[in-house]
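Here is the structure we will look at.
The values are calculated or read from the model by the stated rules, or taken from the named source; none is laboratory data. Treat the numbers as computed from the prediction; the structure is a model and nothing was measured. Note: ideal-geometry Cβ built from the backbone for every residue, glycine included; neighbour counts use all protein chains shown. These accessible areas exclude ligands, DNA and RNA; they are computed on the full protein's heavy atoms, side chains included. Shrake-Rupley method; radii C 1.70, N 1.55, O 1.52, S 1.80 Å.
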Amino acid sequence: MIQHNYPRIGETVYEETLENGLRVFVFPKPDFGKCYAFFATRYGGMDTRFQLDGQWLDTPMGIAHYLEHKMFDTPDGGNALQTLSATGASPNAFTGTALTGYHFECADQFWENLETLLTFVSVPYFTQESVEKEQGIIGQEIRMIEDQPGWQAYHLLLEALYQHHPVRNSVAGSVESISHITAETLYQCHAAFYTPSNMVLCVAGNVDPERVCQMARDILPKQAKPPIPRDCGGAEPRAVFRQEDSRAMAVSAPLLQLGIKGLPAPDGPAQVRQRLLGELACEVLAGSSSPLYNRLYEAGLINSGFYLSYLDYPGCAFLIAGGESQHPDQVREAILQEAARLAREGVDEALFQRLKKASYGAYVRSLNSFENLCVEQAQAYFAGGDPWTFPEVYDAMERQDVEGFLREWVRPEYTAMVVIRPQEERA
């Protein structure tokens, strides 16, 4: 295995690419009693159209999430969640826009639990009857999600920002879309994306890295497969699809969701740098320690729950702001004006240095979580980058970089706003 040492953050990572294409990362933690394992595939809610065996397949929205639910079924009629929980482990799984991950944390019986994880994720088992039975369960989950104002605001915002990119798809799908999912389609999706060469295994704890690799060799398929071609939609316009949208729901105050559409960075170091720069730019523009945040808060235009953050997925990147506001139009205008002022007049150097140190410190503190270590490593691997070079990225970052970012990104034509209004107000 290759050993990577990162003295500035006190981390050591062992890395190995197995013969079947699986990438393995192990973070040795000899002084800790717990272990964490994360087994992920580069397959999420946006991957509904892909090519398998030379044929393009269009699959229902929400199928990646549906497959995640069904993967816990085992041929003996059992459930892998129950098997892992019986050992005292804490297992779970999640489906995101571009990734599906299965994980557990435990204090003992790690190797038994790792064997269970690798086995059930790599060996699908479901029948058409069990698939149809799951539709009611997931359908109820979808209805509950759709009743949440925050989810509605976020989903409507993605539909406003993007005209073609499948990031606008709901990860869970709709009650109607999941009704078209069959056992055959689930098996096709598993065959396409649940292959070792499209997956990554990340482990943190007091474990032998070589033994982790050997167990993966013994359990997982032996052959590597070529990458699966995916369709991410037609060419996306630079400007937003539509600038405003709204919906009436049972909320006590208007809920604002503001999006700023940017350009995605290429995979690799450029993506790592843009993500860190975007996060820092958000803090400078409207973070909780920024002058704009304080002005908006004192004027009663936002409350303490307001946020601005950077997000990116394959083929897209954007800023997103949200929170309750009685005057969402004024908040949007204030953000646009402040970004233009900072780009024109410059960012205060003392403020920039203070916020850069705070952002760096928050990143370092996040490494105390085994889950954060493993999930961050998996996401960065799929994007072709090294997340643990962030100290050097911060070292090279100057306030002019933030000013340039705000100048290029935060413009009216790249901005969309969604407001969830109280029902009586809409009426």
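Structure data summary
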{"quantity": "In order through segment 251-267: 3J(HN,Hα) via Karplus (6.51 cos²θ - 1.76 cosθ + 1.60), integer Hz, x for Gly, Pro", "calculated": "10, 7, 9, x, 10, 9, 10, 10, x, 10, 7, x, 9, x, 8, x, 4"}
{"quantity": "Relative packing of peptides 333-342, 155-164 - highest average C-beta neighbours within 10 Å first", "calculated": "155-164, 333-342"}
{"quantity": "Within-13-Å neighbourhood charge of R238 [Cβ basis; K, R +1; D, E -1]", "calculated": "-1"}
{"quantity": "Segments 317-323, 84-90 sorted - mean Cβ within 10 Å per residue, highest first", "calculated": "317-323, 84-90"}
{"quantity": "Mean ellipticity per residue at 222 nm, deg cm²/dmol - from DSSP H runs of n ≥ 4 across the chain, formula -39500 (n - 2.57)", "calculated": "-13000 deg cm²/dmol"}
{"quantity": "Around A317: net Lys/Arg minus Asp/Glu count, Cβ-Cβ under 13 Å", "calculated": "-1"}
{"quantity": "Fraction in percent of alpha-carbon pairs per bin - 10 Å, segment 1-58", "calculated": "16, 32, 27, 16, 8, 0"}
{"quantity": "Packing rank of 171-177, 295-301, 272-278, where each peptide gets the mean count of other beta carbons within 10 Å, highest leading", "calculated": "272-278, 171-177, 295-301"}
{"quantity": "Violating pairs (Cα-Cα greater than 32 angstrom) within the set K70/K261; K261/K357; K34/K222", "calculated": "K70/K261"}
{"quantity": "Hz values of 3J(HN,Hα) by residue in segment 365-373 - Karplus curve (6.51, -1.76, 1.60), Gly and Pro given as x", "calculated": "5, 5, 6, 5, 8, 4, 4, 4, 4"}
{"quantity": "Within the chain, percent of DSSP bridges classed antiparallel, to nearest 5", "calculated": "80"}
{"quantity": "Correct choice for Cα extents along the principal axes in Å that was computed from the model, options (1) 61, 54, 42; (2) 61, 45, 43; (3) 77, 51, 35", "calculated": "(1)"}
{"quantity": "Karplus-derived 3J(HN,Hα), 6.51/-1.76/1.60, for each residue of segment 227-239, Hz, glycine and proline x", "calculated": "x, 8, x, 10, 10, 9, x, x, 4, 8, x, 5, 6"}
{"quantity": "Probe 1.4 Å, protein heavy atoms only - accessible area per residue of segment 1-75 in square angstrom", "calculated": "40"}
{"quantity": "Theoretical gain in end-to-end length, Q55 to S130 [0.36 nm per residue, Cα-Cα removed]", "calculated": "24.3 nm"}
{"quantity": "Difference of contour (0.36 nm per residue) and Cα-Cα distance, W111 to D348", "calculated": "80.1 nm"}
{"quantity": "Pairwise FRET efficiency - A362 versus S246, Cβ, R0 = 30 Å, nearest 0.05", "calculated": "0.35"}
{"quantity": "Accessible surface of the chain [probe 1.4 Å, protein heavy atoms]: carbon and sulfur percent", "calculated": "49"}
{"quantity": "Gaussian network model of the chain, springs between alpha carbon atoms under 10 Å - residue of A93, A362, A224 with greatest fluctuation", "calculated": "A362"}
{"quantity": "The chain - Cys residues lacking any other Cys C-beta under 4.7 Å", "calculated": "C35, C106, C189, C213, C232, C282, C316"}
{"quantity": "Long-range HN-HN contacts of A248 with modeled amide H, under 5 Å", "calculated": "R421"}
